[in-house]
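Derivation of every value follows stated rules applied to the coordinates shown; laboratory data play no part. It should be emphasised that the depicted structure is a prediction, and the values quoted were computed from it without experimental measurement. In this analysis, Cβ positions are derived from the backbone assuming ideal geometry, glycine residues included, and neighbour counts consider all displayed protein chains.
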Amino acid sequence: MADLRSNFIGIKSPNPFWLASAPPTDKEYNVRRAYEAGWGGVVWKTLGAEGPPVVNVSGPRYGVIYGGDRRVMGINNIELITDRPLEVNLREIKSVKRDYPDRALVVSLMVPCDEESWKAILAHVEDTGADGVELNFGCPHGMAERGMGSAVGQVPEYIEMVTRWVKQYSRMPCIVKLTPNVTSILPPALAAKRGGADAVSLINTVKSVTSVNLDDFCPEPMIDGKGTHGGYCGPAVKPIALNMVGEIARYAETRGLPISGIGGVTTWRDAAEFLAMGAGNVQVCTAAMTYGFKVVQEMISGLSDYMDRKGFTSVEEIVGRAVPNFSEWQHLNLNHVTKAVIDQEDCIKCGRCYAACEDTSHQAIAMGEDRTFTVKDEECVACNLCVDVCPVDCISMKTLPLGTVDPRTGRKVAPYANWTTHPNNPGSSNYTCGITAAE
Amino acid sequence: MTNSQFTPGVAPGRLSPERYAANFQDVAPPLTAHAAAVAADRCYFCHDAPCATACPTTIDIPLFIRQIATGTPEAAAKTIFSQNILGGMCARVCPTETLCEGACVRMEAEGKPVEIGLLQRFATDTLLEKQGHPFTAGAPTGHSVAVVGGGPAGLACAHRLALKGHKVTIYEAKPKLGGLDEYGIAAYKAPEDFAAREVAWLLQVGGIEVVTNWALGRAGDGTLDDLLGRHDAVFLGIGLSGVNALSLPGGELATPATEFIAALRQADDLATLPVGRKVVVIGGGMTAVDAAVQAKLLGAETSTIVYRRAQAEMPASVHEQEHAATHGVRIICNAAPVAIHAVAGGLEVEFARTETGGAGLRMLDDTFRLKADQVLSAIGQTLGALPEGVKTAGPKIGTDGAGRTSLARVWAGGDCAPAGEDLTVNAVAQGRDAAEDIHSFLMGA
């Protein structure tokens, strides 16, 4: 069993798996169950300002995207921040933290964008003994209409301003939760850093409509005949999250800013991928909402086995390991040539690779009389689509060694060279205006 | 109930009414909507799918399964029926393990095919329950066609001809249409009168007239020449009306298994059917299995299939053999009947052990006897008397690929014609394809 202990911006937890601020962390009852199941930390569902709490809809709050066999691939939610009184939440946070001192407990906050509101709530949170705060600048639904959530997260100046207030009025570590509903994640991340944030967490949910009721002609979830956009989460958003986490991790001016990775973490493998892309820990919501809190036990055993296999003795050793290889397109090796190879032993002859290649790609797979499928190296551009659609994973990409001739181009595989020096690139010193030597 | 499984001789009412009902309920219960959705999810939507190639009627299986998966089972049913109008019955009786499901790529992947038969049943049942018929007869062409025999081949042929706008008359020798679907297959494969309900639904297409109790060549009914005089073309879907007799001493003491099954299928009350305490079935095909299993389900204490060759050569599929075994039917192989003896208190069937060698089947001197109260013979069916001029090819009516016989304007298909095993699905394919050829012929294409 590998040592999974985590120390994220000074907040210690027995493992790097935290529950994200969301419906599962709205109440003491749920949070105690989460800790008992093994979760390393919890970000309590977002608290609002003192006074009458927000009101949630009592029609459906979630929409869903299914994969095969009704597997939940993504959930869209329109639930707002906690609708329970502030003092109840604070009392429960204090009680839970007292009973689980070894677990991380961070409190998510969203109050109006003025200094007094933030100052006031921070004092209350400090009293609970919580380990830190997370600023909810991410929720794209409901609260954004009231100038909070992603309405703040989309304006870097506001992020910086509020973060500064939080650091000014509190000694607690401060995590800024970012919205993905921006054209670039870097300005918000930079703003958080300038404001003094100890870390960023991302992604919050993606603005979305998951489905439309085709009898009532209404977006879903449908509340008395009307629908509104919600925030999308779950396995479907993982690729969006990984990219944004990686961008912050590799960008010179944000590099080193601790990141709590969020977005579709469902298995230990997803978690390890987020760590490798630069996240110091991960937060989970949809997997728990789909399967219950017990899923963390697979995450713990899976990450532990992986670390043992790889010889990693701490979670930190994984963090950021893939970031140096997260490159811009222009630096990819244009001379690297691979070809698809179909393992005839394992092939079940479904022909999906053939249909995909023949109809939508490069006509690089031949179908024999007896349904033997073979790759035509002279046509294969190595797009990988056949690998992606194969149901039994029997296709792999083989790399042509340096000096061998690529049957498609007739050229020998040459050493590394990228677009920056390519003769077709007008920005390269080798630019030839498309005129070749022969002409 | 005065009788039991142990009542000697041949007796009715061996079981309680509840037992009869339970024994003859659906052998493969239908999928629920949820189970169908889960099963449909397993289809890979293969390119040029092997399952469709393996289907004698070439149903577009990946398409209909995708239609089920996307919540449109009626569209799925239409995909099925457009190729195979008896898709409902075929979903119940096809040996899918040797056809579509046997070819499913998931057999290669994990040894468990997509449940194509059950999915086909789910789709076709959904549409049939709505009582609507998805096709309408074509605009009248003025041509008329006689279809002799209202079994699967004749029905498929008639339906396709009706779609083309030809006026069709089905001439059926029995009181009901359906052929083997109605009279031949095991009751538990299509309970609740499914064969008759399917026929009634099929006829909703319109343009098909039905004449029952009319046998070709029987005095007072009509001859092939009569039909050719009245119609522009004739399709013979007359099946195999004869049975191979057991030519051995005491052979007359055996009953044809087909008769036993037909009586069972037509019985209003199974408790009235007499069945032996000890039943011996001679043969190794589907009919033998259907008879032996149903004898057991009717309350026979023992039911034994005796097949003259090795088990691997049994015409009944492995699935069928397992079905028999799980119902307590004993299968004895490599034993050929020599004689049936009437003895005190019943019968004894004498068998000789056999050996398959270079020179074919060899009977050995080693013999044994099985006690029996009822002996059923299921050693194959044969063509009945043919109209003059219709040439045979071996044991069947000779036809070309399109079903044309040696006589002008006469086509044939189904069990009476060659090609493939005698399966409902093959009969449907032949009837349908003959209809297409008849249509081309009539329209001068």
### Message
Skipping prolines and chain starts, which residues have an amide H placed within reach, meaning under 5 Å, of the one on A:ASN335, given they are 5 or more residues away or on another chain?
### Response
A:ALA417
### Query
Does the protein assembly as shown classify as rounded, prolate or oblate by the C-alpha gyration tensor (a ≥ b ≥ c root eigenvalues; a/c under 1.5 gives rounded; else a/b over b/c gives prolate, otherwise oblate)?
prolate
### Task
Using a cut-off of 15 Å between beta-carbons, work out the net charge of the residues near B:LEU118 (Lys and Arg +1, Asp and Glu -1, B:LEU118 not included).
0
### Query
Which whole number of Å³ per residue matches the convex hull of the alpha-carbon atoms in region A:395-439?
120
### Task
Jot down the radius of gyration and Dmax of region B:243-377, Cα atoms only, both in angstrom.
14.4, 50
### Cα gyration tensor shape for region A:329-414, rounded if a/c is under 1.5, else prolate or oblate
prolate
#### Entry: Proximal lysines to A:LYS193, defined as alpha-carbon separation beneath 26 angstrom and excluding residues fewer than eight positions away on the same chain
A:LYS12, A:LYS45, A:LYS119, A:LYS167, A:LYS177, A:LYS207, A:LYS238
### Query
What aspartates and glutamates could a cross-link reach from B:LYS130, if we take a straight Cα to Cα line under 19 Å and drop same-chain neighbours fewer than 8 places away?
B:GLU74, B:GLU192, B:ASP193, B:GLU198
### Task
Starting from the exponent 0.38 and prefactor 2.2 Å, build the expected Rg for region B:1-154 from its residue count and divide its actual Cα Rg by it.
1.32
### Task
Take every DSSP beta bridge whose two residues both sit in the protein assembly as shown, then give the antiparallel share in percent to the nearest 5.
50
### Task
Give the Debye-formula value of log10 I(q)/I(0) at each listed q (0.09, 0.14 Å⁻¹), with one equal scatterer per alpha carbon of region A:6-325, two decimals each.
-0.41, -1.05
### Query
Relative contact order, percent, of chain B when contacts are C-alpha pairs under 8 Å separated by at least 6 residues?
18
### Message
For B:ALA339, what residues show an amide H to amide H distance below 5 Å, using hydrogens built from the backbone and excluding near sequence neighbours?
### Response
B:GLU350
### Task
Would you kindly derive the ³J(HN,Hα) couplings of region B:205-222 from the backbone phi angles with the Karplus curve 6.51 cos²θ - 1.76 cosθ + 1.60 (θ = phi - 60°), listing them in order in whole Hz, with x for Gly and Pro?
4, x, x, 10, 9, 10, 10, 9, 6, 10, 10, 4, x, 7, 3, x, 8, x
### Query
To the nearest 0.05, what FRET efficiency results for B:ALA263 and B:ARG369 with a Förster distance of 25 Å applied to their C-beta separation?
0.35
### Task
Working from the alpha-carbon coordinates of region B:251-331, get Rg over Rh, Rh being the Kirkwood radius.
0.95
### Summary
Around B:ASN334 (Cβ within 12 Å, Cβ-to-Cβ, excluding B:ASN334; K/R +1, D/E -1) the net charge comes to +1
### Message
From the C-alpha coordinates alone, can you work out the Kirkwood hydrodynamic radius of chain B, in Å?
### Response
23.0
### Built amide H within the under 5 Å cut-off of B:THR212, gap 5+
B:GLU172
#### Entry: Whether region A:1-90 is rounded, prolate or oblate, judged on the alpha carbon gyration tensor where a/c under 1.5 counts as rounded
oblate
#### Entry: Label-point separation, B:PHE6 to A:THR409 (7 Å along Cα→Cβ), nm
8.7
### Summary
In degrees rounded to 10, the 0-90 angle between helix B:152-163 Cα long axis and the longest Cα principal axis of chain B is 10
### Query
Once every DSSP H run of n ≥ 4 in chain A is given -39500 (n - 2.57) and the sum is divided by its residues, what mean residue ellipticity at 222 nm do you get, rounded to the nearest 500 deg cm²/dmol?
-8500 deg cm²/dmol
### Task
Evaluate E = 1/(1 + (r/R0)^6) for A:PHE217 and A:CYS383, where r is the Cβ-Cβ distance and R0 equals 45 Å; express this FRET efficiency to the nearest 0.05.
0.70
### Query
Nearest 0.05, what FRET efficiency do B:HIS341 and B:ASP193 give at R0 = 35 Å with Cβ-Cβ as r?
0.30
### Degrees between helix B:286-297 axis and first principal axis of chain B (Cα, 0 to 90, nearest 10)
60
### Summary
Longest principal axis of chain A (C-alpha) makes with the long axis of helix A:156-169 (C-alpha) an angle, in degrees to the nearest 10, of 40
### Message
Per residue of region B:271-283, what does 6.51 cos²θ - 1.76 cosθ + 1.60 with θ = phi - 60° give for ³J(HN,Hα)? Whole Hz please, x for Gly and Pro, Karplus curve as stated.
### Response
5, 7, 7, x, 9, x, 5, 10, 10, 10, 10, 9, x
